[in-house]
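Data first, discussion second: the structure below is written as structure tokens.
The values are calculated or read from the model by the stated rules, or taken from the named source; none is laboratory data. Being a predicted model, the structure only gives us computed values, none of them experimental. Cβ placement follows ideal geometry from the backbone for every residue including glycine, while neighbour counts extend to all protein chains displayed.
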Amino acid sequence: MANTFAPLPPVPDHPALEHEILELWEREGTFFKLVERNRGGPRFGFMDGPITANNPMGVHHAWGRTIKDVFQRYKALRGFDERYQNGFDCQGLHVEVEVEKSLGLDSKRDIEEYGLAEFAARCKERVAHFAGVITEQSKRLGMWMDWNNSYYTFSDTNIEFIWRFLKEVQGRGWLYKGHRSTQWCPRCGTSLSKHEQAGEENYVELEHPSLFVRLPLKERKGESLVVWTTTPWTLPANVAAAVKPDAEYGLTREGLWYRVEEKLDPDAYVAKVRGEELVGLEYEGPFDSLPAQEGVVHRVIPWDEVSLDEGTGIVHIAPGAGADDFELSRVHDLPVLMPIDESGRMLPGYGELEGRTTNAVEEPVIESLHERGLLVDVGTIVHRYPICWRCKTPLLFRVVDDWFISAEEIRGPMLEANATVEWTPSFYSKRMDDWLRNMGDWNISRKRYFGLPLPFYPCSCGHLNVIGSRAELEERATARLEGLQELHRPWIDAVTIRCEECGGDVERIAEVGDAWLDAGIVHFSTLGWGNPQRVEHGNATGAAAGLTGADLPDHSYWEKWFPADWVTESREQIRLWFYSQSFMAVTLEGRSPYRAVLAYERVRDETGREMHKSTGNAIDANEALERMGADVMRWIYCAQPPSQNINFGYGPADEVKRRLLTFWNSVSFFVTYANVDGFDPAAPRGELKALDRWLVSRTSAFVRDATAAYERYSTPAVVVAFDRFVDDLSNWYIRRSRRRFWEGDATALRVLWKALTTALQVIAPVMPFLAEHLWRSLVSANESIFLAGWPEAGEVDDTLLTEVVAVRRVVELGRQARAASGLKLRQPLRRLVVAGADPARSHAGEIAEELRVKDVEFGDVDASELRVKPNLPLLGPKLGPVLRDVRVALQEGRFEALEGGRFRVNGHVLEPNEVFVERVGKEGWAVAADDGLTVALDTALDEELLREGRVFDLIHKVNAMRRAEGLELTDRIRLWIPDEDLLAYADRIKEDTLAVSVELGELRLEKA
Ligand SMILES: [Zn+2]
Ligand SMILES: [Zn+2]
């Protein structure tokens, strides 16, 4: 007879079956059928956080992309209408730096020589290329998206929506140009904002010089301040020295002022004063002869923030080279000397140092100080130091003009909006609140090239013109509009506009925008906020033309889909995308752009270390997909609690494969017997036995629990529910029903089939390939599991489920007791006593069978005894000399057990923590206990039990022989056995070995 179900190989070849399924989906158009089927249904709005189209997808991206797909698939199975729009982040420093590398450019001057138009073209090419690569990789991962309609953040449409936002911000008076000290990357030639730099990965341990420098006081001959610095390049820009007013400072015999150190000999100082007494003193600057220092009067200023933990307690202040320094310059009206240009080289006015990098001036600065006798000490220090988040260059401080959006007025509304959001894990909500409470003004300008062109046109009349749309730009343009091929540099730079205040011609500022504006606006730009009419391919504009077919919908579409029901990205996006999209949505619409968020941590290697290409422990996503398979990767991501880092690698993948094998083997078992018996799922099922009723109920409970887990965005809970269900299915239902399958019981097959196929439906969002593969084999060769809807959870008999949980615990403990006693499971025993498992009472027969005991009793276990030992460190002090007697009494068992774990011994009451309690089997009993449940096996053996033990050994042996001789499961045999006394058990032996006859003789069998 032909097989109804295709037999399964012993282990699944994940990558191979995944390729088959991908082809099948492609051929059948499964995804589009699903979209069509759900159109007009209830909506599930997911907004994709754009992935940077700048490099291939990594295994760290695959976590989020898996989670996105899991919940989109789950909601689709439940009939929800979805958008499936993928997003690509396309401009800004990410892309520029990679393009620079590929072109061998290493500075802004190089880029300008290369040409901005050509540079923009290379950036676009890179984005187009990697958008294609990521699309293919995502498909391979099983991600279902509407790939022909991805949004690209560098489209003119996206840019225009940001312009609109910026115009709104200006209208509220939040936009300003700030003159500030900022963290500066000398390689990228731009300032970097706090939210970009906040990550831990943006700090590394670096070695720097550590200098103690003497600054002679002008009015006090022979006395000098001593300052400490790790940045020699800032000393030529020194203008002040700060002391802590209420700290104590001392003058050493050598004439040096330091803060007083308590550990030093009090006689080490010839004079002591409070810091405030030094304030106002003038000193000779370390580099007074430089032209830049002309006219600077150096003096001591007070500062409460002076650290007494490091350095000398006197801080060198260079307002042009440090953030705190710059703030102090405003308070104390200090001159601001700017020592470096945007590439980190010393400016004119710094003598021989001019044109050298901050590193290159270390030597000459130290030498000069040394020659002039100003160097008290020099060494090196290793400390945590910030590096550029993009190119890893150590950062400097510069004072520059940047554009900011004030956060003051939006802070409160953003906190209120965040209170409406459901966060998973829930404590991330507080992290978001913390970020919002502490966020500074948003630095939105970058002195770069391929990014959002900020539409700011400051006029010499003092008016700031902000352009809010392309139409406005066209209307107000005074020159070179015809050359504007897209809203990027260099084309936009050429267009001048008319000042709305004075009518004069105005040029755009050169700056581009923070890339988080690009990603933050997508709830508006992709959904058609305020757009009167749908524009076909209206998001395929500017740099995105030809890359996508995405439309620009009209406002009614936005009303339907805003806010998103759900977004998900990594936890660090709290200070990045979750922040920027909320900032923009609360500004434009007064509410959060998302109702629920799932945030997750980071991907590490399997030993928990960060993955780096340079350390050789990074795993390439393509390699992982082809070596472990997409389903296995997805399983690893889904099983992980999102608030902890994942340890990802081939070791964990093998562990997942091993666990998945239990399910695979259960399906394989079903297929084997279903084929033997010609099982037809469509045939009506017979009457259910108790165990069948249990599995039906257990299956319903699994659907119920897993559905609830999906509903609260908890993939780990889905995975746990599946694991437990498979364990029950395989190690209880199938184990307990083997005989029925042998006998071709159609009802058992039917119940098992239903349980397996339901499990496939429930786990399909997590493991779409394996689920589809097995579904095609068990249910329908021609129709996808993803078109089969979501299974209904039937009625759940919770009492029955509780009973079987108790039974399985009893059996588990019974096995432990047997193992501890050294008796093998095939040896029948007389009696098992169970205490503390009342729900299992009605299942004594099953327990007896599983544990091969003749009789199961429920009641107190007196087969064990308590051993109580004193906790000496506690009881010693409490009892003193009587401890000895108590100890002996405990040893001899002369004690009384009281309520609540107390014991009375010799008239003393001992508390639970004062004793160690152990329950051990009495002679002749094997006992095991766990969490309120105790089982005791009577281990006494008699003639009959021993003989029965030999029967089971024999059956085991014969079945091994059957397999060794390659007999089919259904083949009957004739059997000869050597032990005459076992012939009395011939019926049992026949039944368990499919023998038609059992005769006396040397042990052998032959096919009947
Ligand atoms: Zn950089
Ligand atoms: Zn003007």
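For region 962-971, a tally of residues being surrounded by fewer than 16 Cβ atoms within 10 Å (Cβ to Cβ) and touching a residue at least 12 places away in the same chain (Cβ under 8 Å) returns 4.
Yes or no, residue by residue, for (1) surrounded by fewer than 20 Cβ atoms within 10 Å (Cβ to Cβ); (2) within 30 Å of residue 724 (Cα to Cα):
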site	(1), (2)
823	yes, yes
848	yes, yes
856	no, yes
872	yes, no
882	yes, no
908	yes, no
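Is one or more of the residues making up region 180-197 more than 16 Å from ligand 2 (Cβ to nearest atom) and more than 33 Å from the chain's Cα centre (by Cα)? Yes.
Scanning region 911-953 for residues that are free of Cβ contacts under 8 Å to residues at least 40 places away in the same chain, loosely packed, with under 14 Cβ neighbours inside 10 Å and within 46 Å of the chain's Cα centre (by Cα) yields 912, 931. Scoring residue 411 on the criteria (1) within 31 Å of the chain's Cα centre (by Cα); (2) touching a residue at least 60 places away in the same chain (Cβ under 8 Å) leaves a single failure, condition (2).
Scanning region 764-821 for residues that are under 23 Å from residue 633 (Cβ atoms), outside any helix (DSSP H, G or I) and not hydroxyl-bearing (Ser, Thr, Tyr) gives 764, 765, 766, 767. In region 174-198, the qualifying residues are those that are over 20 Å from residue 108 (Cβ atoms) and of a type in the set (Phe, Trp, Tyr), and the one that is nearest to ligand 1 (Cβ to nearest atom) is 176. Total residues in region 387-408 satisfying the condition of being over 24 Å from the mean Cα position of the chain (by Cα) and not in a loop (DSSP other than H, G, I, E, B): the figure is 12. For region 462-504, the candidate set comprises residues that are small (Gly, Ala, Ser) and in contact with a Leu (Cβ under 9 Å, 6 or more places away or on another chain); within that set, the residue that is farthest from ligand 1 (Cβ to nearest atom) is 477. All of 373, 379 fail the test of being touching a residue at least 40 places away in the same chain (Cβ under 8 Å) and part of a strand (DSSP E or B), apart from 379.
Of the residues making up region 123-153, those that are over 20 Å from residue 92 (Cα atoms) and not basic (Lys, Arg) number 13.
Assess whether residue 430 counts as being without any contact (Cβ under 8 Å) to a residue 60 or more places away in the chain, more than 22 Å from residue 172 (Cβ to Cβ), basic (Lys, Arg) and away from ligand 2 (no atom under 16 Å from the Cβ). So residue 430 passes the test.
Residue 584 meets all of the listed conditions (1) within 16 Å of ligand 2 (Cβ to nearest atom); (2) in contact (Cβ under 8 Å) with a residue 12 or more places away in the chain but one, namely (1).
Among the residues of region 443-461, those that are more than 16 Å from ligand 1 (Cβ to nearest atom) and either in a loop (DSSP other than H, G, I, E, B) or at pLDDT below 95 (or both) comprise 444, 452, 454, 455, 459, 460, 461.
If the condition is being among the basic types (Lys, Arg) and away from ligand 1 (no atom under 16 Å from the Cβ), then region 378-394 contributes only 384. Quick check, is residue 519 of a type in the set (Gly, Ala, Ser) and in contact with an Asp or Glu (Cβ under 8 Å, 6 or more places away or on another chain)? When the stated conditions are applied, residue 519 passes them.
Filtering 493, 565, 518 for residues that are over 28 Å from residue 128 (Cβ atoms) and either away from ligand 2 (no atom under 16 Å from the Cβ) or in a helix (DSSP H, G or I) (or both) leaves a single hit, 565. Residue count for region 322-367, restricted to those that are closer than 25 Å to residue 243 by Cβ, surrounded by 14 or more Cβ atoms within 10 Å (Cβ to Cβ) and not hydrophobic (A, V, I, L, M, F, W, C): 8.
Considering only region 407-423, I want to know if a residue exists there that is within 16 Å of ligand 2 (Cβ to nearest atom) and either surrounded by fewer than 18 Cβ atoms within 10 Å (Cβ to Cβ) or over 30 Å from residue 566 (Cα atoms) (or both). Taking every residue of region 407-423 in turn, none turns out to be within 16 Å of ligand 2 (Cβ to nearest atom) and either surrounded by fewer than 18 Cβ atoms within 10 Å (Cβ to Cβ) or over 30 Å from residue 566 (Cα atoms) (or both). Comparison of 569, 589, 559, 601 shows that the only residue that is without any contact (Cβ under 8 Å) to a residue 12 or more places away in the chain, under 23 Å from residue 420 (Cα atoms) and acidic (Asp, Glu) is 559.
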